[in-house]
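The values are calculated or read from the model by the stated rules, or taken from the named source; none is laboratory data. Everything quoted here is computed from the prediction, not taken from an experiment. Methodologically, a virtual Cβ is constructed for each residue, glycine included, from the backbone with ideal geometry; neighbour enumeration extends over all protein chains shown.
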Amino acid sequence: MTASILTIEDLHVSVEGKEILKGVSLTIRGNEVHAVMGPNGTGKTSLAQTLMGHPRYTVTKGRITLDGQDLLAMRTDQRARAGLFLAMQYPSEISGVTTANFLRTAINARRGEGTAIGLKEFRDRLDQTMDQLNMDHKFANRYLNEGFSGGEKKRNEILQMLLLDPRIAVLDEIDSGLDIDAVRIVAEAVQAKVSPAFGALIITHYQRILTYLQPGFVHIMVDGRIVRSGDYQLAQELDDKGYDWVRQASITGGV
Amino acid sequence: MSSSPLLGQVEPLKTRMHAEFSSDPTWLLERRSAALDRYLDAPLPSRPRTPLRNRRLDEVPVFDAEPVLHSSVWKDLEPESSRLSLSGAAVMEASLSAEAKQKGLVFTDLRSALSSHEHIIKPHLDRSLAAEAGKFDALNQAWWQNGAFIYVPRHVHLAVPLTVVHHQSPEQSGFFPRTLIIMEEESELSLVDLYMQSGTGDPVRCIASILVQAVLGPSAVLRYGSIEELSPSTEAFVHRTANLEADAEAHWNVGTFGSALEISSQNTYLRHSGSQNHSVSVFFGSAHQHYDLEVQSVHQGTHTKSNIVGKGVMKGRARSVFTGVTDIKHGAVGTDARQKEQTLMLSDQARADAIPSLLIEENDVFAAHSASAGPVDRNAIYYLMSRGMTEREAVEMIVEGFLAPVIDSISLDDIRRRVWAAVREKVQE
């Protein structure tokens, strides 16, 4: 299988006429874990949602490609079937639809016609993956995200990521709402998934998950721009000095 | 036969009615005449959100063609051991299992039962309607051609559901089916009551008035399921009523999917202690369909129970009003009455109202209700699309999830299957 590659070039995005992203460029390849960090309201979630094609976000300039395909020309579902995955910060609750039924439908949508997963294979993979994430099997029969705690929803997002087998996964604040053990489990699951056919973009406020994941690339976002990029050292530096340090740096133009 | 009077033409209607039903017993013909007078005198049904005046209902012919029978309709039905299929006055099929016959159950068309069971039918046929009979009930009482009659003797329990198919071809303009159910003490019945206007002809404007009456003796249990799949040019008035003796239970499961307009009332009278009403309504409107559905529980006896559930989906420019009425009379101590109405709107042009109405004259009761009507969650659609489903698949999944808890609670397999099939057809429309 060819290596995954997601390319974002000079991305400008507006919401209701207000520019939120002001020229973001990033390349994420298979085998790579990237982290985007930054204070609240700086455009991190907007970047994630724009990649997935949320209708609220309007791309005014720039290009996004996944494995060479023009992502911006695709609908959200086409992007998903092409191999993009977004673990959402606030997953929707779908009443009356069991998690298992949803997962099977989603796996089959990703696989395409004529390659539907067999019931036995599905059940086995589901059980294994739930075990890997230390999830109670009863979640499979509960309605999707309905009444799930914050942490349960986040684990469910990772469960979906593992079962849908994307080429690039964007994890938006996957660590919020998780206790320390869960953060480790999730980080290990992502780490185990990394391969030439899988790369990840982790969006977070906190350094904690990064200590487990040790991303090769760290980017700091302020006011709709990536103001600094580096390796894992940058995350540690940020943890020591705080966001005011990068804010200052971005105002004075020192990147 | 070709020149049919219109519903507003008084003298031609009377002349035609006497010609049409001249062979009926005198008492019945007299009742038809009286019903026709009531129909002509009565005001239009009063539903604040469903104005009827501009529809010019009196310009529709009462009958405009001989029944046209389409054999294809009957072929789609699975073989059943106990089924009655009616088309206009004609009985297309009548079968009853040996077990049911042997137990003394009567399952036949109303016209045949008039001669064989007149003594049972005569006192019940219109009595239980008296209290709230309206203009279009009277229209049915004047013009009904045939219907289903079910009599369950004391202590008879039937394991297999009976099925009634009321059919009419869509090129006919008047549809007046009725079903009469009489259950004696401690009897148990499951009934699938289907209303269909299907066939190959071009649909004409049709007025339908459907009457269903059930009389439940002490501790009788009725499981009733019905699907209305009427023609898109039909304006339908549907009235179901049940009278319950002590400890009797009515379980209503009704799916409404067809017709241009439907105004329905379901009235269950919990006359004596310990009787119960469990009512489930599922409806799905599309295009310009307009539904105004009312389900009422009247608590008169002590320690009676009711649970009204109404769940619907509106798409296109469809419009729905679902009203649950809990009516607790003075003296009905220990009543437990619940209702829940929920409607989901799939388009900005669809409209839905869910209205709980509680009339309580007694203190020592429990009454609860919840009602909501809202648009489909766009974020939920996006969430499902982000997992690879198309927008249509996402909406289907959300709609099915919305309706599943209610549809899956229907205990009659055939009705549950038919409701799911109708929902899937509607959502893909």
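A few remarks follow.
- Test: residue in segment A:113-133 that is assigned to a loop (DSSP other than H, G, I, E, B), of a type outside the set (S, T, N, Q), within 17 Å of A:LYS153 (Cα to Cα) and more than 9 Å from every other protein chain (Cβ to nearest Cβ): yes
- Flag for A:ASP175 being farther than 28 Å from B:ILE407 by Cβ, of a type in the set (Asp, Glu) and touching a Lys or Arg at 6+ places or on another chain (Cβ under 7 Å): yes
- If the condition is being buried (at least 19 other Cβ atoms within 10 Å of the Cβ) and out of contact with any Phe, Trp or Tyr (no Cβ under 6 Å at 6 or more places or on another chain), then segment A:82-95 contributes A:GLY83, A:LEU84, A:PHE85, A:LEU86, A:ALA87, A:MET88, A:GLN89, A:PRO91, A:ILE94.
- Subset of segment B:399-409 [more than 8 Å from chain A (Cβ to nearest Cβ) and surrounded by 16 or more Cβ atoms within 10 Å (Cβ to Cβ)]: B:VAL399, B:VAL406, B:ILE407
- Given (1) within 14 Å of chain A (Cβ to nearest Cβ); (2) of a type outside the set (Lys, Arg); (3) under 25 Å from B:VAL419 (Cβ atoms), number of the condition B:GLY388 does not satisfy: (3)
- Failed item in (1) of a type outside the set (Val, Ile, Thr); (2) touching a residue at least 24 places away in the same chain (Cβ under 8 Å); (3) in a helix (DSSP H, G or I); (4) surrounded by 15 or more Cβ atoms within 10 Å (Cβ to Cβ), with A:LEU234 passing the rest: (2)
- Subset of segment A:142-161 that is in a helix (DSSP H, G or I) and within 13 Å of chain B (Cβ to nearest Cβ) - its residue that is surrounded by the fewest Cβ atoms within 10 Å (Cβ to Cβ): A:LYS153
- Set B:GLU396, B:GLU425: member being under 15 Å from B:SER286 (Cα atoms) and within 14 Å of another protein chain (Cβ to nearest Cβ): B:GLU396
- In segment A:42-70, the qualifying residues are those that are in a helix (DSSP H, G or I), touching a Leu at 6+ places or on another chain (Cβ under 9 Å) and away from every other protein chain (no Cβ under 13 Å), and the one that is surrounded by the most Cβ atoms within 10 Å (Cβ to Cβ) is A:LEU47.
- Pairs with Cβ under 7 Å, 6+ apart, first in segment A:162-184 and crowded, with 16+ Cβ neighbours inside 10 Å and modelled with pLDDT of 90 or more, second in a loop (DSSP other than H, G, I, E, B) and among the charged types (D, E, K, R): A:LEU164/B:ARG387; A:ARG167/A:ASP67; A:VAL183/A:ASP175
- Only a single item in (1) at pLDDT 95 or above; (2) surrounded by fewer than 20 Cβ atoms within 10 Å (Cβ to Cβ) is not met by A:THR2, and it is number (1).
- Considering only residues in segment B:348-383 that are among the hydrophobic types (A, V, I, L, M, F, W, C) and within 12 Å of chain A (Cβ to nearest Cβ), the one that is surrounded by the fewest Cβ atoms within 10 Å (Cβ to Cβ) turns out to be B:VAL376.
Table: residues versus (1) over 17 Å from B:ILE227 (Cα atoms); (2) surrounded by fewer than 22 Cβ atoms within 10 Å (Cβ to Cβ); (3) without any contact (Cβ under 8 Å) to a residue 12 or more places away in the chain.
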| site | (1), (2), (3) |
| --- | --- |
| B:PHE149 | yes, no, no |
| B:HIS157 | yes, yes, no |
| B:HIS167 | no, no, no |
| B:LEU191 | no, no, no |
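- Number of the exception - B:ALA142 against (1) part of a strand (DSSP E or B); (2) surrounded by 24 or more Cβ atoms within 10 Å (Cβ to Cβ): (1)
- Note on segment B:242-251: residues that are in contact with a Lys or Arg (Cβ under 9 Å, 6 or more places away or on another chain) and surrounded by fewer than 23 Cβ atoms within 10 Å (Cβ to Cβ) total 4.
Conditions (1) in contact with a strand residue (DSSP E or B) (Cβ under 9 Å, 6 or more places away or on another chain); (2) under 26 Å from A:GLY43 (Cβ atoms), marked per residue:
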residue	(1), (2)
A:LEU86	yes, yes
A:SER92	no, yes
A:ASN101	no, no
A:ILE107	no, no
A:GLY118	no, no
A:GLU121	no, no
A:ARG125	no, no
A:GLN128	no, no
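- Test result for B:GLN300, out of contact with any Phe, Trp or Tyr (no Cβ under 8 Å at 6 or more places or on another chain) and free of Cβ contacts under 8 Å to residues at least 40 places away in the same chain: no
- Looking across segment A:73-107, the residues that are more than 8 Å from chain B (Cβ to nearest Cβ), aliphatic (A, V, I, L, M) and closer than 18 Å to A:LEU201 by Cα come down to A:ALA82, A:LEU84, A:ALA87.
This table checks each residue for (1) in contact with a Ser or Thr (Cβ under 6 Å, 6 or more places away or on another chain); (2) under 28 Å from A:PHE102 (Cα atoms).
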position	(1), (2)
B:SER306	yes, no
B:GLU341	no, yes
B:ALA350	no, yes
B:LEU359	no, no
B:GLY374	no, yes
B:ALA380	yes, yes
B:ARG392	no, yes
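- On inspection, B:TRP74 passes the criterion of being modelled with pLDDT under 85, part of a helix (DSSP H, G or I) and either of a type outside the set (Gly, Ala, Ser) or more than 24 Å from the chain's Cα centre (by Cα) (or both).
- Enumerated strands (runs of 3 or more DSSP E) restricted to segment B:156-247, each holding at least 1 residues that are closer than 20 Å to B:GLY285 by Cα and in contact with a Pro (Cβ under 9 Å, 6 or more places away or on another chain): B:188-197, B:206-216, B:221-229, B:234-244
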